[in-house]
1. Counting only residues 5 or more places away or on other chains, whose amide H sits under 5 Å from the amide H of Val268 once H atoms are built in the peptide plane?
2. Would you mind telling me the share, in percent, of accessible area of the chain contributed by carbon and sulfur at probe 1.4 angstrom?
3. Out of the stretch 324-415, which trypsin sites (Lys or Arg not before Pro) are coil in DSSP terms and have no more than 10 other C-beta atoms within 10 Å?
4. Keeping all protein chains in place, calculate the accessible area per residue for the stretch 226-414 (probe 1.4 angstrom), answer in Å².
5. Non-local amide H neighbours of Ile25 (under 5 Å, H modeled in plane, Pro and chain starts lacking H): which ones?
6. Give the long-range amide H neighbours of Val3: residues separated by 5 or more places, or on another chain, with amide H under 5 Å away, using H modelled in the peptide plane at 1.01 Å from N.
7. Taking the Cα centre of the stretch 302-415 as origin, sum charge times position over the Cβ atoms of Lys and Arg (+1) and Asp and Glu (-1), and report the length of that vector in debye to the nearest 20.
8. What is the helix-to-structure angle for 154-166, meaning the angle in degrees between its Cα long axis and the longest Cα principal axis of the chain, kept from 0 to 90 and rounded to the nearest 10?
Amino acid sequence: MRVHLTATAAAAVRRGHPWVYRDGIAGGGENAVQRGERRRGERAPRAAGAAATGDVVELSAEGAPFLGRGLWDAESAIAVRVFQRTQAPPLDERALAERLERAFALRDGWFAGRDTTAYRLCNGEGDRVPSLVIDRYDRAAVVRLDGEMLAPWLDRLLPHLARALGARGVRSIGLRARAPSSASGDAEGKKLAHLHGPPLPDRLFVREMGVAMEVDLARGQKTGAFLDQRDNRARVRALAAGRRRVLNLFSYAGGFSVAAALGGAGRVTSVDSASAAHASAQRTFRENGVDPAAHEFVTADAFDFLEKARARGDRYDLIICDPPSFAPSERARPRALGAYRRLHTAVARVLDRGGLLCAASCSSHITAEDFLATLDDATLERDDLRVRAIHGQPEDHPTLPAWWEGRYLKFVVLE
Ligand code: SAH
């Protein structure tokens, strides 16, 4: 099966961008796939026809008979995920298993020992296995597919996965159902299907640099936890020493909260609209030997909370603000920038002089410069803060030079 690309799409593939959008196909989408296949006299196919989701396609362009190979998706806006730009080896489950083994071997080095038992084993495109994300939670691994093109491959890949992960102490493998678009934590049902090994626990404790953390595999966000904030949680732990009052907005399962408490903060206030998240955070506090009663858990809208806190005259000397993505698409960008500004203005009003502000954004459509503009003097209505550091995602969430979409996480420390 051959897919002929436009010059622009071909240039992106050459740079190593792993996606071909449907409008990057010369002659427009479905029919281009057919062109090389249809015999004379055959009727033009009505729909995507010959190429089914998950089929291997060869990419070509004007003056480039072979650009690479990828997998076809008949439905999504991303029509092809590019796996290789060389003729050999063939694109089959063995080639994919080799790439996965490489990804796993890197983690063996990064996470040797038992201090950290939860991490991303494969970051899809960033590990050159497009669409396949695998997170490890101690003895369990959770697979998530972005798009459907690898779904038909899963049965063939599973024995390879079970072998490679089993050798590393993973006993159970589950499949995360597509996350609902809602950012709320109150999921109605389980989002995890069993793939291999003993049944997966609904909830378990993992360790992150020695800190215990409860993970809700069945109903939690992402594949259960926000593993991408691991290094930033450790940073907050270090920054919290000697802080009297810490505010963690959008606290979810309390990862930043427990980090601050363990780091020596006096009193930590966690704010999230989902009460189930607080229950999980409190179990995590206890597991780490911290009494949750010495801290505060508020179920509220973060904007409302900030308004009231300001009216009460409450002030904090460390604030962590890590909201859900405000810009899920390019179209949502202007509105998202406005929302970040409103949020940061409100946050700055309850930040003590001499206080620290950690502001995060997990939207790839908001660049670091965009995000910093929502933290400028005009927005914060003050002129005493400097950017101490700008952090991103950790090494187990690698990206590719040409795949800017993969670099979504910003974590700005202002002081
Ligand atoms: N900081 C967390 C991840 C935050 S995820 C961590 O590192 O683990 C976003 C969280 O924001 C979710 O728990 C969701 O329930 C909460 N949330 C979404 N909208 C909210 C709002 N308007 N006010 C308060 N919490 C909100």
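1. Val246, Glu296
2. Numbers: 8960 of 18290 Å².
Heavy-atom surface of the chain belonging to carbon and sulfur, 1.4 Å probe: 49 percent.
3. Details: sites: Arg331, Arg335, Arg341, Arg342, Arg349, Arg353, Arg382, Arg386, Arg388, Arg407, Lys410; in loops: Arg349, Arg382, Arg386, Arg407.
Hits after loop and neighbour filter: Arg386.
4. Numbers: 7680 Å² over 189 residues.
On a per-residue basis, 41 Å².
5. Long-range HN contacts for Ile25: Thr6.
6. Glu58, Leu59, Ser60
7. Using Cβ point charges on Lys, Arg, Asp and Glu, the stretch 302-415 gives about 360 debye.
8. Helix 154-166 and the main axis of the chain meet at about 50 degrees.
The values are calculated or read from the model by the stated rules, or taken from the named source; none is laboratory data. Remember, it's a predicted structure, so these values are computed and weren't measured experimentally. Cβ sites come from the backbone with ideal geometry, for glycine too, and all protein chains shown count toward neighbours. Heads up: the accessible areas ignore ligands, DNA and RNA and are worked out on the full protein's heavy atoms, side chains in. Shrake-Rupley method; radii C 1.70, N 1.55, O 1.52, S 1.80 Å.
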